[in-house]
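Working notes, beginning with the structure itself.
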Amino acid sequence: MKIINRELVEEDYADLKEAMIEAYQGIGGEYWRKSKIDLLLGKFPEGQICVEVDGKVVAVALSIIIDYDKFGDEHTYPEVTGNYTFKTHDPKGDVLYGIEVFVHPEYRDMRLGRRLYDARKELCERLNLRSIVAGGRIPNYNTYAKEMTPKQYIDKVKRRELYDPTLTFQLANDFHVRKVLNGYLPGDTESKDYATLLEWNNIYFQPGNRRTNPSDSIIRIGVVQWQMRLFKDVNAFFEQVEFFVDAVSSYKADFIQFPEFFNMPLLAQFNDMPEPQAVRKLADYTDVVRKKMQEFAISYNVNIVGGSMPLVEDGKLYNAAYLYRRDGTSEEFRKIHITPNEVRHYGMVGGDEVRVFDTDCGKIGIVICYDIEFPELSRLLARQGMEILFVPFLTDTQNGYMRVRNCAMARAIENECYVAISGCVGNLPRVENMDIHYAQSAVFTPSDFQFPTNTIKAEATANTEIMLIVDVDLLQLKELHEHGSVQIMKDRRTDLYDVVMRKKPKPKPQGELISDGAM
C-alpha cells in the first residue's frame, strides 16, 4: 500500500467525484462539478489537497484565502465562496478558509482526515496566515433536535457525552467553536441548517510579510522503553504495541522507536526447543509483525522505527530492524555486528548493507545495539547525510548498557547528529537467554552552545516501562555544521586517513513495499 499527500490536479476529478458521492450518500450524494474544481485549481492550487492511496484519490480538502474582516462571523457558505465562484479568494487575505473536506467511506478507518487537516495546518503556517476557519456540519443533530438547542448539543459533544462524526473529529484536531451559525448551508437537513463556525489558530503567525515557519525543522520523537512481559498470544503483543503508537500519535510525533528484540516474549511458547530452533520459529512471526506495524504507521500517521526481530532468509538467521513510513512504504536494516552471545546461542550472521533512509522528516540512520560500538559504521552514515540515528538495543547488565550509552553519546558528538536509543527492561523468567534486562533510553545531542551541556536531550527513568517525547531541531544541526565552536565533520584530515565502505549497498527501489497492500 502506498499513501501520498499532495496537491489536487485536474486529472483527479473522476476519483474526487466518486469519493464525494459515496461520502455524501446521507444527503443525496452531492458532488462538485468539474468546472468548480477547475476554478479552485486556477485560483489557489496549493490550497487544494488530496490523499492518494495506491494511485487513487480517496480524500480531499478544498480551501481559499479570504480577508476575514470582509465577512466577519455572520456569514453563509454562499457568501464566503462568492456563490461558488470563489471570487472571494484573496491571496493577500489573513485566513485560510476551509470549504470542503471528505473521505471515501471505504477508507475512513485509516485516519486520512487527520492527514488533510495536518496538511492544512502546515499550509497555514507556511503562508503565515492568522488561522484556519470553516463552517462545520453537525450531522447527528437531527437525532436530538427535539430535545436540545444546537448550543446544548455542541456542549455535550465537547464533553464527549454525545458523538458527532464531524464535530467530534474537528474538536480532536484542535479546532474550537467560535459560534453557532443558522442557515449556513441551505439544504443540510441532517444539521437542521445549523453549523459550527470553527477556528484553528496559527500560534506562529506574525503580522506583516509572509514567511516560512522555522518550526518545520522541529522533529518530534517518541522513544519507547519496553517492558518485557509474557503475552498469551500475538494479539496481546499487538495490543501493547498499539498502546504506545496510539499514545505517541496523540502527541503528534513524527517518529516512534521500539527496542531490539521487542517481540522476544513470544519465544516462551517455544521454550521446549533448543535455542537456535526456537528463535527460527519466532522468525515465522516476523512477516505478520511487519504487516501489522505497517498498518499502525499508516493509520496513526507516524513513522515507526526499530523493533528488531529475527529474520530467516536463504537459511541464514539475521537480526533485522525496520523503518515503517507513514506513507505505507518500509525499509529494512540488518544488524552488521553480531554479539558473541547471538552467535553462540542463536547462530546469527551479520548483514552487509550500510545506508541512510529518506523520510518526510529528513535523513535517518538505523543501527542495532552492538553496531553503535563501532564508530566507522555511524561515520559512514553521517557522510551520507544522516541527521538522526536510531539505535534499538537490548542489554542484560548495566555494564552492557553503559557501553551502548557512552558510545551513542560519542556518535552524536563526532557525527554532529541526534542519537535516540531505546531498550527493554524487566524479566522473562520462562525464556532462555532472556532472563534480565537493563535500560535507560535516551536522546543525545552534539555538544555546543545550542545543545544541553551534558549532551542529554532527554532520558528515561532506568528500568521502568516509560515513553519519552522529545523535540529535536534539525536547523540547529545545520548551524552547528557551519558555525559550531568546532566543526568535526569539516575538520577531518581526509588527506591523512579516511573511512571507506568496501561493499556498496545493493540498488533498491525507494520505499520498498513490505506487502501487496492486502491488510
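With contacts taken as Cα pairs under 8 Å at a separation of at least 6 residues, the chain carries a relative contact order of 12 percent. The amide H of residue 71, built 1.01 Å from its N in the peptide plane, has no neighbour under 5 Å, considering only residues 5 or more places off or on other chains. Charging the Cβ of each Asp and Glu at -1 and of each Lys and Arg at +1, and nothing else, the dipole of the range 176-312 about its Cα centre rounds to 420 debye. Of 128, 9, 243, whose Cα points farthest to the positive end of the dipole of the chain (charges on the beta-carbon: +1 Lys, Arg; -1 Asp, Glu; origin at the Cα centre)? Of the candidates, 128 comes out farthest on the positive side. The distance between label points at residue 343 and residue 433 comes to 1.3 nm (points 7 Å beyond Cα on the Cα→Cβ vector). Using the average count of surrounding beta-carbon atoms within 10 Å as a protection proxy, the listed peptides 94-100, 322-328, 231-237 rank, highest first, as 322-328, 94-100, 231-237. The distance from the alpha carbon centre of the range 228-260 to that of the range 351-392 is 23 Å, rounded to a whole number. The range 27-64 and the range 397-465 have Cα centres lying 46 Å from one another.
Only protein atoms count toward the accessible area here, which uses a 1.4 Å probe; on the chain, the carbon and sulfur part of that area reaches 49 percent.
Per residue, the accessible area of the chain comes to 44 Å², computed with a 1.4 Å probe over protein heavy atoms only. Share of pairwise Cα-Cα distances greater than 13 Å in the range 444-488 is 60 percent (whole percent).
Determine the calculated [θ] at 222 nm for the chain from helices alone, applying -39500 (n - 2.57) to every DSSP H run no shorter than 4 residues and normalising by the residue count; nearest 500 deg cm²/dmol.
The helix contribution divided over the chain gives -7500 deg cm²/dmol.
Estimated translational diffusion coefficient (Stokes-Einstein, Kirkwood radius over Cα pairs, 37 °C, 0.692 mPa s) of the chain: 130 µm² per second.
Once the range 245-354 is represented by equal point scatterers at the alpha-carbon sites, with solvent omitted, what log10 I(q)/I(0) does the Debye formula produce at q = 0.10, 0.11, 0.15, 0.17 Å⁻¹? For the range 245-354 at q = 0.10, 0.11, 0.15, 0.17 Å⁻¹, log10 I(q)/I(0) is -0.31, -0.37, -0.66, -0.81. In this simple spin-label approximation, residue 478 and residue 232 carry label points 7 Å from Cα along the Cα→Cβ vector, and these lie 5.2 nm apart.
With R₀ set to 56 Å, the beta-carbon distance separating residue 25 from residue 490 gives a calculated FRET efficiency near 0.40. Across the range 230-333, how many lysine pairs separated by 8 or more positions, or lying on different chains, have Cα atoms within less than 19 Å? Taking the range 230-333 as the scope, the lysine pair count is 5.
What per residue convex hull volume, in Å³, do the alpha-carbon atoms of the range 76-195 yield? If you can, show how the numbers build up before the last one.
On the way: hull volume 14.2 nm³, N = 120.
Spread over its residues, the Cα hull of the range 76-195 gives 118 Å³ apiece.
A Cα-only calculation for the range 317-420 places Rg and Dmax at 13.6, 39 Å. The label point for residue 251 and the one for residue 100, both projected 7 Å from the Cα toward the Cβ, are 3.8 nm apart.
Report note on the peptides 158-171, 370-383: ranked by the mean count of other C-beta atoms within 10 Å, highest first, their order is 370-383, 158-171. Taking the alpha carbon gyration tensor of the range 90-145, multiplying each eigenvalue by 5 and rooting it gives semi-axes of 26, 17, 8 Å, largest first. The convex hull built on the alpha-carbon positions of the range 253-303 has an orientation-averaged projected area of 3.9 nm².
The values are calculated or read from the model by the stated rules, or taken from the named source; none is laboratory data. What you see is a predicted model, and the numbers here were worked out from it, not measured in a lab. FYI the Cβ positions are ideal-geometry reconstructions off the backbone, even for glycines, and counts take in every protein chain you see. Protein only, heavy atoms only, side chains kept; ligands, DNA and RNA dropped before computing areas. Shrake-Rupley method; radii C 1.70, N 1.55, O 1.52, S 1.80 Å.
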